[in-house]
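Here's the structure we're looking at; comments come further down.
Laboratory data are not the source of any read-out in this text; all were calculated from the coordinates shown. This structure is a prediction, so every number in the text was calculated from the model and none was measured. For neighbour counting, all protein chains shown are included, and Cβ atoms are generated from backbone atoms with ideal geometry for every residue, glycine included.
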Amino acid sequence: MKNCAPEKIRNFVLAGHAGSGKTTLADLMLFKAGIVGRQGSVDNGTSVSDFRKEEQEKKSSIYTSVLHLPWKDGHFFFLDTPGNSDFCGEAINAINISDMMILVIDANLGIGPGTIRAWKHAEERKLPRMIFINGCDRDQADVAGLVEILRESYGKTKCIPCTVPVGEKAQFSAVSKVLSDDASGDAANYKQELTDAIAESDEELMEKYLDAGELSAEELVKGFRKGLMAGELFPIFCGSSAKDIGVAELMDAIMELGPTPLDPVPFRLDEGEIDRTAADSVGYVFKSVNDSFIGQMNYIRIISGTFASNSELVNSTKSGNERIGNLLQIQGKDQAVVENAGPGEFIAIAKLKNTGLNDVLGSKPVSAKFSAIVYPQPTTIYAASATKKGEEDKLAQGLAKLAAEDPTISIVRDTETKQTILSGMGDQQINLIVDRLKNESKVEVTLETPKIPYRETITMTGSAVYRHKKQSGGHGQFAEVQMRLEPYEPAEGEPDFVFASEVVGGNIPKNFIPAIEKGVNETRLNGPLSGSMVTNFKAVVFDGKYHPVDSSEMAFKIATRRAFRDAMAKAKPMLLEPIMTLKIIFPEVYMGAISGDLNSRRGRILGMDREDGLQVVNAEVPLAEVYSYPMQLRSMTQGRGSFEMKFERRDPVPKAIADKIQAAMAAEDEDEE
């Protein structure tokens, strides 16, 4: 492409729930602009956007695709994002750096969890938004009903249609522009609302409107752009990407009304400012991929200035310099070398030595600090291990590479359960990770349900005396420990147990007290009920005996272990399990199935709410019952439900379940013996 002035560039992201038709819309836009001679198809595997093998197999977007096209006298640079919650990290990163969001909503399915998530992230940035209601030709389409839901959810005076359907469902044949001179019916009503909203965006326009009763076409455009930029206007367009109806009108509106890369669309900054009009180059890495053929590829949104091939950049995030070779302009899977690129453009650079996701690059150090992106907490959790022995390091390296691409992937080595815990946003994401590890890192992975990180505690005071005495020639072993365990509730930020000594008279010399404390520390890591950590107790050594020759640190540690366990047995021990709070979002029709399933999982509903037309249930569920929930929720709601999860506290395990856990622990100990 020829270099385009920044004023003529429009930079935006297509976002929304899975199945809303974002990719079909993207492929149609490319076709209408003459980029391809034949429109790509998701179903036929010919989509320019969904070009990867795994996307073609699933007929669904997994990654954000980078696309561009000429339109009228300008140029679009835009991102097509996945709507599936499993891959929400890709969409979040794209929304974080675009100048405008086109929220695509299916006229039949309506608002879904992906819609809500996209809107919230755009709202946090105060990002300009347009809404495209897709699939107006579908048999179950309810455009009027969806428009009302949108207006109730996001503002009656802000969400105003700019195009309305001509005909319904199968008879949908065209769209009518609300601001046209011959607007009638619903279009005429919306025209009045839209004109009022545009006039209210600017005091001068309001005065002119009140005096003259109308605004010129130029004034309407000026006020429209101002209202869009200020977040006071979220225009709604309707159409069908399958039948190419209403899409040209949307594209024209993006070109005429959308922000330019020089407009002050806010980025999320912790400190400082970025001048989009400055000559100094600034770019943000919004996507980083490890390619098996060319190595790491960083995708960059240029915020200001010009990036040039064969130049040097400063990484302000990591305080280092990077020498860049070719600048690549991306069109789906295709790459073209360009000499330079400016504000609003997306470029890719290969083989940077120390640059990754969410880094800031520029011609000189950037003083502004971008806010860290807060990604949702993973909801799907597995214990991952290398299927073949000796490949643990290969697995760890492969997982680290994938986590560097997608921050919604979490890898933690659980020191209690001795397992590598792999967490993500859903089973589709986890399965993709397993496939990529096999294909790219050449390591096969075994997934298991993780062990529950239980805790053990006591509910009353218990005391015990244990004497360790052993004679085997030469020096013997002797130590006696008299110990008391008491319930203890630590304040916030304090250790979860306390050790104290009440020994007087030298019955145990002071130099052996640290050995007793160490014995308590070690023994509490492997409690008697389930082998879990013991917490919320005070251990007091109140007396004991020693031998001037046969006593040693080791003898006192051994005596402490037995005294601790005996005292705990008398202190009415109890098993605790993690309790998670869940926020579940789903269409109301599934309420019965959701509540019934929660009851079967020992869940407790805390309250219900409505959010953007969807039902919200807040509940508490034991972690042991959550591991299988993502797949069950997807099945119950036909993929229309989602949930967020966080740790809340630990509660006592019901006796029947605790007995089973202890029995399993005892059987495990017998097998080891």
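A few comments on the model shown:
- Among beta bridges from DSSP that stay inside the stretch 330-440, the antiparallel ones total about 100%.
- Acute angle (nearest 10 degrees) that the helix 553-570 long axis makes with the longest principal axis of the chain, alpha-carbon atoms: 70 degrees
- Coupling constants for the stretch 373-387 follow from the phi torsions by the Karplus curve (6.51 cos²θ - 1.76 cosθ + 1.60, θ = phi - 60°), and in residue order they are 6, 8, 8, x, 5, x, 10, 10, 10, 9, 8, 10, 9, 5, 5 Hz; glycine and proline get x.
- With 0.36 nm allotted per residue and the present C-alpha distance subtracted, the V498-E644 stretch has 49.1 nm of extension available.
- Within straight-line cross-link reach of K388, aspartates and glutamates at Cα separation under 18 Å, skipping those fewer than 8 residues along the same chain: D435, E440, E444, E448
- From the coordinates shown, Cα extents along the principal axes in Å corresponds to which of (1) 150, 91, 57; (2) 105, 59, 51; (3) 84, 64, 44: (2)
- Neighbours of I516 by Cβ distance under 15 Å: Lys/Arg scored +1, Asp/Glu scored -1, total +4.
- Each peptide in 542-555, 211-224, 126-139 gets a packing score, the mean of other Cβ atoms within 10 Å over its residues, and the list from highest to lowest is 126-139, 542-555, 211-224.
- The listed peptides 371-379, 87-95, 244-252, ordered by packing as a protection proxy, come out as 87-95, 244-252, 371-379 (highest mean of other Cβ atoms within 10 Å first).
- Its DSSP H runs of at least 4 residues, each contributing -39,500 (n - 2.57), put the calculated 222 nm mean residue ellipticity of the chain at -9000 deg cm²/dmol, to the nearest 500.
- Antiparallel content of DSSP bridges confined to the stretch 460-571, in %, to 5: 75 percent
- Helix axis angle, 591-600 relative to the chain longest principal axis, alpha carbon, degrees: 10 degrees
- Using a Förster distance of 60 Å, the FRET efficiency for Q632-S184 (Cβ separation, nearest 0.05): 0.75
- If you model the stretch 380-447 as an ellipsoid using its alpha carbon gyration tensor, with each semi-axis the square root of five times an eigenvalue, the axes come out at 16, 15, 11 Å, biggest first.
- For the residue pairs K8/K364; K442/K646; K8/K32; K72/K126; K418/K660, the alpha carbons lie more than 24 Å apart in K8/K364; K442/K646; K72/K126.
- With the largest listed first and rounded to whole Å, the semi-axes of the equivalent ellipsoid of the stretch 577-656 from the Cα gyration tensor are 22, 13, 11.
- Reachable aspartates and glutamates, given that their alpha-carbon falls under 12 Å from the alpha-carbon of K22 and they are not under 8 places away in the same chain: D50, D80, D106
- Pairs from K59/K120; K510/K557; K158/K369; K53/K120; K470/K572; K351/K401 whose Cα-Cα separation, in the structure shown, is over 20 Å: K59/K120; K158/K369; K53/K120; K470/K572
- DSSP-defined antiparallel bridges as percent of all bridges, the chain, nearest 5: 80 percent
- Whole-angstrom gap from the stretch 196-214 to the stretch 405-452, using each part's C-alpha centre: 57 Å
- Nearest-ten-degree value, helix 513-523 long axis tilted from longest Cα axis of the chain: 50 degrees
- The stretch 565-595 and the stretch 458-505 have Cα centres spaced 32 Å apart.
- Out of every Cα-Cα pair that the stretch 276-370 contains, those further apart than 16 angstrom amount to 49 percent.
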